[in-house]
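To start, the structure itself, in structure tokens.
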Amino acid sequence: MVETYKNFNPEVEKFSEYLKNYSGELWLEATNHKFTNELKNDTLKDHIFKKYLVQDYIFIESLVTLIGKAILLAPNMHSKVKWSAFLYAITSDENNYFIRSFDALNITKEEREKTKLLPSINDFANLMLQISNSGSYAQILSIILAAEWIYYSWASSAKDPYPDRFYLSEWIILHNNMPFHKTVTWIKGELDTLALELSYIEQEEIAKLFLKLVKLEIAFFDACYT
């Protein structure tokens, strides 16, 4: 059962923590999923990770589009620079990781370009594109925070030694490093500040969107086993 809170109280907690608490047990399910636990423990089957990797590579285009909209709507140059740095990391280091992993797993160019997104993952991508088209800056922050905070949470719990397969160990490292941690922390702070200007109704709408993203992340991991 998901525990929810009717109203955000800034005297009790930061808005980002309120969102995490709002998602209740689903947060634990997303950050302690069978997929990520097997990945960290080096027991994840290659065919499952191959499916995940191809799906994520196609899906990530919608995230890149959403970050582009965040740059456009960001309230000041400092925020625009932060988003631009995050976008660069995804389109450089992370993209390089994908290419090397495709080669190691014998994933063809046709597979990664012609494969269709699975239904639940397609729903995730479509929501990101919808918010990038007509969403508010607060909604964009909520979506990206949910996605990236979940990844930092499971990756930061990984213990040495990391998996021998580089495409597993580097996927952990890409989401468990100081620059990524600072990015997640900054997004939290950006939303915490903005939330103080929102009405209770707007805060509740953001919380529901955050919760929806947590559910979609779980569905993404689940889909790789079907």
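The values are calculated or read from the model by the stated rules, or taken from the named source; none is laboratory data. Worth saying up front: this structure is predicted, and the values here are computed from it rather than measured. Backbone-built Cβ (ideal geometry, glycine too); neighbour counts: all protein chains shown.
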Open item on the list: Checking the structure you have, find out if any residue of the range 182-197 is under 25 Å from Phe49 (Cα atoms), out of contact with any Ser or Thr (no Cβ under 7 Å at 6 or more places or on another chain) and aromatic (Phe, Trp, Tyr).
Closed with: no
Task: All positions within the range 125-138 that are in a loop (DSSP other than H, G, I, E, B) and farther than 22 Å from Glu190 by Cα - done: none
Open item on the list: For the range 171-203: of the residues being under 20 Å from Ser84 (Cα atoms) and of a type in the set (A, V, I, L, M, F, W, C), which is farthest from the chain's Cα centre (by Cα)?
Closed with: Leu194
TODO: Scan the range 42-55 for residues that are out of contact with any Asp or Glu (no Cβ under 7 Å at 6 or more places or on another chain) and in contact (Cβ under 8 Å) with a residue 24 or more places away in the chain and jot them down.
DONE: Asp46, Ile48, Phe49, Lys50, Lys51, Tyr52, Leu53, Gln55
TODO: Mind listing whichever residues of the range 99-153 are hydroxyl-bearing (Ser, Thr, Tyr) and free of Cβ contacts under 8 Å to residues at least 24 places away in the same chain?
DONE: Thr108, Ser134
- [ ] Using the structure shown, decide if Lys116 is out of contact with any Cys (no Cβ under 8 Å at 6 or more places or on another chain) and either modelled with pLDDT under 95 or within 19 Å of Phe49 (Cα to Cα) (or both).
- [x] yes
TODO: Look through the range 115-124, keep the residues that are of a type outside the set (S, T, N, Q) and assigned to a helix (DSSP H, G or I), and return whichever of them is surrounded by the fewest Cβ atoms within 10 Å (Cβ to Cβ).
DONE: Pro119
